[in-house]
Structures are given as C-alpha cells and as structure tokens.
Amino acid sequence: MNITEARKLYNDLSAPPLDAGKKWFQARGRDLELIVKALLKNEKLEPHIRFRPDGEEIDGSFVCFSRTYLLELKWHSKPIEASAVYSFKGKVDGKLIGTIGVFISMSGYSNKAVDAISKGKEMNVILFDKEDLDVSFKAAFLNVLKSKLRAASEEGNIYFKTDSSQISLPTKNARPAVTSIITSRPIAYNTICFICEGYSDQVIIQELIIKTIAKFLSKLKVRIAIAGGQYNLIKTAKSLNLEQNTNVFIVSDGDNQNALAELKRQNDRDYELIVINPDIERAWLSTTKEEIRSSMREFSRSAYFSEISKRLSSVNIDELAKTSKSYEIIYEAIKNSERYT
C-alpha cells in the first residue's frame with residue numbers, strides 16, 4: 001500500500017457506514033496497521049508490523065534518530081484507560097535501554113490514564129491519538145514525533161497535542177471561524193490561549209467562545225489547546241511556542257484538590273487559573289459526560305461536537321457569565337479584548 005492509498009483508506013475508515021457491524025470495526029483495527037506502515041515507510045522509517053518476541057505480541061516498530069521505537073495501535077470506540085498503556089509500557093521496559101514506545105489510540109485516552117502515566121518516574125512511552133495522526137498526514141509523522149519528543153524531554157509531557165483550534169471573526173457579519181492549527185506554530189498577534197484538560201472541554205469552550213466573540217464583534221484570536229489531563233495543563237502551556245506577553249488561561253475541573261495543588265505548584269509563570277466546579281459539563285451545561293456519551297453511537301470528534309452543539313444552542317452566555325464565575329472570566333476577557341492589543 002502506498003501513501004496515497006493509505007490516506008484514502010484512512011479517510012474512509014474515519015467515517016463508519018451506518019450499517020457497520022462488529023466485523024467492520026474489527027477489520028478497521030487491522031487496517032490501521034497497514035495505514036501506519038505505509039505512513040512510516042513513506043518517511044523511510046523502516047517499519048516492521050506485528051511480530052512476537054518470546055510469545056508477546058507487538059504491533060510494530062520503526063527506526064528513527066538511530067533509535068528503535070515500538071508501536072501499539074488501538075482503534076476502539078472509547079478512550080483508552082491507564083491499564084492498557086501500562087501493559088504496553090511493560091513490553092517497552094523489557095527491551096534495550098533507550099527503546100521508546102509509541103502508543104497510538106484513535107479514541108484518545110482517559111484523563112486519568114494520562115495523569116497516571118505522566119506522574120511516573122520513568123517515562124518511555126509517547127502518546128498519539130487520531131488528531132496527531134491527522135496532522136501526520138498533513139505535516140509528516142516525523143515532525144509530529146519530534147515535537148512530542150521535545151515536549152516529553154523538556155517538560156515531561158508525554159501527550160503533547162500537536163493540533164489545536166483557533167477562533168477568529170473574519171468579517172463583521174460572519175460567524176466566527178474555527179481553524180485547525182498545528183500547535184508548534186507561533187501564536188498569532190492579539191491572541192489569548194486557553195489550555196484545557198481534554199477533548200470534551202475543548203468543544204464546549206470553543207462553542208461558547210464563538211458565541212461570545214460574535215456578541216462583541218471581537219477582533220481577538222483565541223487559541224485552544226488540549227493537555228490530556230490535569231497534571232499536563234501547565235506542562236502543555238510551557239511546551240507551546242508562546243510569546244512572553246501572550247495571555248494564557250489554564251482551565252481545570254475543581255473536583256481534584258490534589259491536582260489543583262500540583263497545578264499551583266507548577267505555575268511558576270503565573271498563568272491565570274480558571275477552576276470549574278465540579279466540572280465543565282455540570283457547571284456550564286447542567287449535564288454529565290456519561291449522559292452525553294450515552295446518546296452517541298460511537299465516541300468521535302464529529303459525533304461529540306454534534307451532541308454538544310444541541311445542548312449549547314439553548315445556553316444564554318450573558319446569563320451564564322452572571323451565574324458562573326469561571327465562565328465570567330472568559331466572557332470578560334473577550335469583552336475587554338482591546339486591552340490585549
């Protein structure tokens with residue numbers, strides 16, 4: 001399979017047909033191996049796919065920067081839990097010193113999984129998700145790997161997200177536009193940057209900021225980046241290509257006091273911390289993650305955004321700013337955006 005065929009297959013598999021059954025999803029997981037092999041081969045990274053050293057199964061490997069990397073590939077319907085990552089880490093631990101594991105989960109990871117792995121003393125696994133693979137097809141897998149390795153080496157950030165979104169108002173009468181931005185690109189002039197825990201937080205913050213920018217006809221550009229967990233929030237902010245005068249807001253749930261204490265300890269650059277009690281779904285939407293996901297056929301970016309949009313359509317941002325101190329901070333930052341110019 002060449003890279004053109006791999007890209008087409010990847011796009012086809014990213015949108016399951018309405019009649020897709022168990023066998024279709026099982027085949028998709030196997031096809032992911034072929035897609036990744038073609039991607040790595042195209043960049044001359046010498047991929048090997050699926051082999052069994054001493055009875056244990058490894059999905060693949062590749063060679064880069066004179067180092068061997070082991071692969072774990074998962075395309076499940078739900079975010080991967082810590083146990084699966086620890087199991088893969090055990091395989092990496094048993095190999096030559098200096099071997100690094102690359103775990104690719106197309107459904108992402110639970111916030112608890114990222115936090116648990118990030119707090120470990122020995123980090124030898126880098127986490128990728130579907131959005132990272134999307135960027136790999138656009139900007140090369142090697143570039144994505146380099147940015148992730150740098151964030152892991154400098155800040156201990158093993159889940160540095162290489163995609164982020166930017167919101168801006170193109171014209172006075174238009175709806176604010178959302179653009180997918182490669183995270184390592186420099187932050188644009190007149191930008192506020194929000195760092196949030198996970199994908200669900202991003203889509204909620206993004207939709208409410210669209211409403212708020214439209215209300216005030218703000219010329220502000222807003223960048224939203226995902227950290228993948230509470231313990232990664234400050235690490236992600238420090239890993240970004242930020243100018244010293246960029247205004248950074250760290251958005252965190254308030255139900256984990258130990259995590260909040262650790263955030264404050266790490267925050268030596270005085271980023272503004274927005275604490276949402278107990279979490280963003282209940283505080284701003286009067287619902288829970290479980291209620292939202294129970295109405296979805298499969299956990300995916302498009303399906304989740306569609307479900308969130310239904311709930312956000314009835315949210316009055318003026319009332320929300322009055323009743324929620326956490327959202328008031330965002331609301332006022334956009335309202336007074338001229339002070340950031």
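Computed from the coordinates by the stated procedures, all read-outs in this text should not be read as laboratory data. Computed from a predicted model, the values in this text were never measured in an experiment. With ideal geometry, Cβ positions are generated from the backbone for all residues, glycine too; neighbour counts draw on all protein chains shown.
Some observations on this one:
- HN-Hα J in Hz across region 314-328 - Karplus 6.51, -1.76, 1.60, θ = phi - 60°, x for Gly and Pro: 9, 7, 8, 5, 5, 5, 4, 5, 6, 9, 10, 4, 5, 6, 4
- Ordering of 212-223, 124-135, 319-330 by burial proxy (mean other Cβ atoms within 10 Å per residue, highest first): 124-135, 212-223, 319-330
- Amide H contacts of N157: A152, each under 5 Å away and 5 or more positions distant or on a separate chain (H built 1.01 Å from N in the peptide plane; Pro and chain starts excluded).
- Rounded Å value of the spacing that divides the Cα centres of region 11-39 and region 302-325: 33 Å
- Ranked packing of 193-202, 32-41, most packed first, by mean Cβ within 10 Å: 193-202, 32-41
- Segment S302-F25, extension gain: residue separation times 0.36 nm, minus the distance between their alpha carbons: 98.0 nm
- For the chain, the longest principal axis of the Cα atoms and the long axis of helix 199-216 meet at an angle of about 30 degrees.
- Within the chain, helix-based [θ] at 222 nm, where runs of 4 or more DSSP H residues each add -39,500 (n - 2.57), nearest 500: -13500 deg cm²/dmol
- The C-alpha atoms of the chain define a longest principal axis, and helix 257-266 lies at about 90 degrees to it.
- By average C-beta atoms within 10 angstrom, highest first, the peptides 247-253, 95-101: 247-253, 95-101
- Cα long-axis angle, helix 141-155 against the chain (0 to 90 degrees, to the nearest 10): 70 degrees
- Between region 265-293 and region 196-244, the alpha-carbon centres lie 12 Å apart.
- Computed over region 3-155: relative contact order in percent, which uses C-alpha pairs under 8 Å that are six or more apart: 17 percent
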